[in-house]
Amino acid sequence: MCRLCAVSGAKAAVLPDARMHAQDKVGPGRMILVVGPSGAGKDTLMAALKDRVKDNDSVVFARRAVTRDADASSEDHETLSRSDFETLVSAGNVALSWEAHGLGYVVPQSYDRAIRDGKTVIANGSRKVLQEASDKYETAIVLLITAPVEILAERLAARGRESREDIEARLKRADLEPDNVDNLVRIENTGTPEEGVADMLCALGL
């Protein structure tokens, strides 16, 4: 039994109560949204998870479209103009969409087709669409990648943009975790990437 399941029973928690077989919801596959505060190591764990399941044809990682130019230092994404973003969203031709920090984000509609084919789609998500995803999909699971404030502050301070004291004070004032979210699995990323990925695999039953 993996570390996460032994502590929280997460594997059992995400299966029976996550499956709401309403005819008007998208399924039978699953939408997995990965969220977490800066410094939690979400991108590192997602990259490691992608490598671990690369031979599993039932798992698909979503490539988002974003209203910004491609940048080697950021995620691999498609680039959208603002007008294209607004057209797609207004027409409903997206799986999920949201806006944050002046940018528009889209999980393309093609991933809904993958879910209808029974696949598990894993997407870098946002707290802004957790309720929408819960309403839309038969099975929507949220993986919250997080860590204690002190560890988040230490990791962010290592980037050299703010002092650790300032960062820690800001984090303590911030709302770091989603409220009232169904099927949320909290993963404390305080160990090695291998341990974090093992927790994610356990939570998703992969």
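The requirement of being within 25 Å of residue 77 (Cβ to Cβ), modelled with pLDDT of 85 or more, of a type outside the set (Ser, Thr, Tyr) and part of a loop (DSSP other than H, G, I, E, B) is fulfilled somewhere in region 106-118, by at least one residue. You will find that of 148, 178, the residue that is surrounded by 14 or more Cβ atoms within 10 Å (Cβ to Cβ), in contact (Cβ under 8 Å) with a residue 40 or more places away in the chain and farther than 21 Å from residue 52 by Cα is 178 and no other. For the residues 66, 60, the requirement of being β-branched (Val, Ile, Thr) and modelled with pLDDT of 95 or more singles out 60. Please go through region 1-54 and pick out each residue that is over 21 Å from residue 130 (Cα atoms), modelled with pLDDT of 90 or more and part of a loop (DSSP other than H, G, I, E, B). Of everything in region 1-54, those that are over 21 Å from residue 130 (Cα atoms), modelled with pLDDT of 90 or more and part of a loop (DSSP other than H, G, I, E, B) turn out to be 53, 54. Reported count of residues in region 115-126, each being farther than 20 Å from residue 47 by Cα, surrounded by fewer than 23 Cβ atoms within 10 Å (Cβ to Cβ) and not acidic (Asp, Glu), is 2.
From the set of residues in region 119-133 that are among the small types (Gly, Ala, Ser) and modelled with pLDDT under 95, which is farthest from residue 48 (Cα to Cα)? Explain how you work it out, then say what you get.
Going through region 119-133, the residues among the small types (Gly, Ala, Ser) turn out to be 123, 125-126, 133.
Now drop any that are not modelled with pLDDT under 95, which leaves 125-126.
Details: 125: 17, 126: 20 Å.
Once the filter is applied, the top-ranked residue is 126.
Within region 58-71, work out how many residues are free of Cβ contacts under 8 Å to residues at least 60 places away in the same chain and either closer than 18 Å to residue 113 by Cβ or assigned to a strand (DSSP E or B) (or both). Walk me through how you get there before you give the answer.
Our first condition is that a residue be free of Cβ contacts under 8 Å to residues at least 60 places away in the same chain; within region 58-71, this holds for 63, 65-71.
From the residues that got through so far, the ones that are either closer than 18 Å to residue 113 by Cβ or assigned to a strand (DSSP E or B) (or both) too are 63, 65-66.
Residues that pass the stated criteria total 3.
How many residues does region 151-165 hold that are part of a loop (DSSP other than H, G, I, E, B) and exposed (fewer than 11 other Cβ atoms within 10 Å of the Cβ)? Give the derivation first.
Taking region 151-165 and keeping what is part of a loop (DSSP other than H, G, I, E, B), we get 158-163.
From the residues that got through so far, the ones that are exposed (fewer than 11 other Cβ atoms within 10 Å of the Cβ) too are 158-161.
Counting residues in region 151-165 that are part of a loop (DSSP other than H, G, I, E, B) and exposed (fewer than 11 other Cβ atoms within 10 Å of the Cβ) gives 4.
The values are calculated or read from the model by the stated rules, or taken from the named source; none is laboratory data. Remember, predicted model here, so these are calculated numbers, not experimental data. Reconstructed Cβ throughout: ideal geometry from the backbone, glycine too, with neighbour counts over all protein chains shown.
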